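Since the structure comes first, as structure tokens, the remarks are kept for the end.
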Amino acid sequence: MIRKLRLKFVAVCMAMVTAVMAVVLFAVFASVERNIEELSRQVLRRVIQEERPARAPEIGVEIGGGKVLLPYFTVSLWPGGGGYTAYVTGGTYADLEDTEELEAVLRDCMDQQRQEGVVSRYGLRYLRQDNGLFSRLAFVDMSMEQAMLREMMGSYLRIAAAAFTLLLGVSILLAWWATHPVERAWRQQRQFLSDASHELKTPLTVILSNAELLEALPLEARPARWRDNILSEARQMKTLVEEMLTLARADNMTQAAVLTEVSLSDAAEDCALSFEPVAFEAGKALDCEVAGDILVLGDRDKLRRLISILLDNAVKYSRAGGTVVLTLRRTERQARLTVSNPGEPIPPEQLPRLFERFYRADASRGEQSGFGLGLSIAAAIAAEHRGTLRAESDAESTRFIFAMPLKK
């Protein structure tokens, strides 16, 4: 639990950091892009106002204290014969010998019917000026503009990656520092649960022994009823203490499962056979569909307990006269055991909480015997066997599905 809490802490911190860095990078990129576009437009406005200078003007942008020249060219378009006649009037753009390409650029520009825009196919930004009898167009190369953006964003991303790595380390340290008191309290709580369970077993054993001795004595009706109440409640408390001790051991991992070859098919059939009388007494049926020879590595006793918990839960909460179905199937890599029972559907938001300790679903589901620890124990056994246990519910039935790896 503490590990999940730390991971959640780090995930929340890094999500916030990532969001802030993304907003900052986007704002910086948008600002730089606007500035560079504005510089290109200034170049276009300056070029289009030049008529025929004696020498090519030094058109460029200031970067890092030095001027970077931008390739450009200007074209005059004269209407005539249902089309236009184009004249290149100046510029520093080197690749203007391909007249077909130049014609495609101009056609694309005129088709846009805008005063300024971009010819994306050729990486050119243009500005158009109508002078009555003819139109004048100025083009500037965008390749340097795009290269500048890529270089800047590459630098920003490297800085962001370094900052992200540094903040990740800081978040991990903060997560450890913030959860350390919680971890200490959780450890003390688990130790108390384990110690209390151990200490309660001795007085409970004495109470049960004395109550069982009293069963052999001839008592009047009223004292006999008191004796039976003591015996019943002591047995129930002993069951609770044993379940709490099981969970405490699972938390502290003082009892590791002894993994041996186990026939899950035989374990499922044995459990189903032992629960048939229980289901019959409750007025319910139990069907068993078990595939044979499904072998796994695990602890036979613990796997039997997991199956028994699921069957007990299904019998308790099954609709009166309903049929509990236990199925065991082999998939490509897993053994898949399903226990289903008809009954009122469980709301989706309650399904994950069924495996919480002492959690009880709505009272309308049926019988309420037990302490709400059985499914927690089953989930702990499933995790100990590198398996998963989950619940599904709909109008037809409620299903608990246990899956674990097959023996290789």
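The values are calculated or read from the model by the stated rules, or taken from the named source; none is laboratory data. All figures in this text were calculated on a predicted structure; none of them were measured in a lab. Note: ideal-geometry Cβ built from the backbone for every residue, glycine included; neighbour counts use all protein chains shown. In case anyone asks, the SASA skips ligands and DNA or RNA and just uses the protein heavy atoms, side chains included. Shrake-Rupley method; radii C 1.70, N 1.55, O 1.52, S 1.80 Å.
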Worksheet entry | Qualifying residue in region 125-137 (condition: among the aromatic types (Phe, Trp, Tyr), farther than 23 Å from Gly80 by Cβ and either open to solvent by 30 Å² or more (accessible area, probe 1.4 Å) or touching a Gly at 6+ places or on another chain (Cβ under 8 Å) (or both)) | no
Fill in: Gln115, sole failed condition from (1) of a type outside the set (Gly, Ala, Ser); (2) open to solvent by less than 80 Å² (accessible area, probe 1.4 Å); (3) touching a Lys or Arg at 6+ places or on another chain (Cβ under 7 Å)
(2)
Item to complete: Give me a count of the residues in region 138-162 that are open to solvent by 30 Å² or more (accessible area, probe 1.4 Å) and of a type in the set (Phe, Trp, Tyr).
Response: 1
Worksheet item: What's the number of the condition Asn252 fails, among (1) modelled with pLDDT under 90; (2) in contact with a Phe, Trp or Tyr (Cβ under 7 Å, 6 or more places away or on another chain); (3) of a type outside the set (Val, Ile, Thr)?
Response: (2)
Worksheet item: List the pairs whose first member sits in region 208-220 and is in a loop (DSSP other than H, G, I, E, B), whose second member is surrounded by 11 or more Cβ atoms within 10 Å (Cβ to Cβ) and of a type in the set (Lys, Arg), and whose Cβ atoms are under 7 Å apart, counting only residues at least 6 apart or on separate chains?
Response: Leu219/Arg227
Item to complete: Among residues belonging to region 2-37 that are over 17 Å from the mean Cα position of the chain (by Cα) and open to solvent by 70 Å² or more (accessible area, probe 1.4 Å), point out the one that is nearest to Ala178 (Cα to Cα).
Response: Val20
Worksheet item: Can you tell me which residues in region 295-326 are over 18 Å from Ala403 (Cβ atoms) and open to solvent by less than 20 Å² (accessible area, probe 1.4 Å)?
Response: Val315, Ser318, Gly322, Val324
Discussion item. Every residue in region 163-184 that is open to solvent by less than 60 Å² (accessible area, probe 1.4 Å) and either of a type in the set (S, T, N, Q) or within 20 Å of Val28 (Cβ to Cβ) (or both), please.
Written reply: Ala163, Ser171, Thr179
Discussion item. Within region 274-292, does at least one residue satisfy the condition of being among the small types (Gly, Ala, Ser), under 24 Å from Ala380 (Cβ atoms) and either open to solvent by 40 Å² or more (accessible area, probe 1.4 Å) or not in a strand (DSSP E or B) (or both)?
Written reply: yes
Discussion item. Looking only at region 274-302, how many residues end up being farther than 18 Å from Asn313 by Cβ and without any contact (Cβ under 8 Å) to a residue 24 or more places away in the chain?
Written reply: 1
Fill in: Residues (free of Cβ contacts under 8 Å to residues at least 40 places away in the same chain, basic (Lys, Arg) and closer than 22 Å to Gly91 by Cβ) located in region 127-170
Arg128
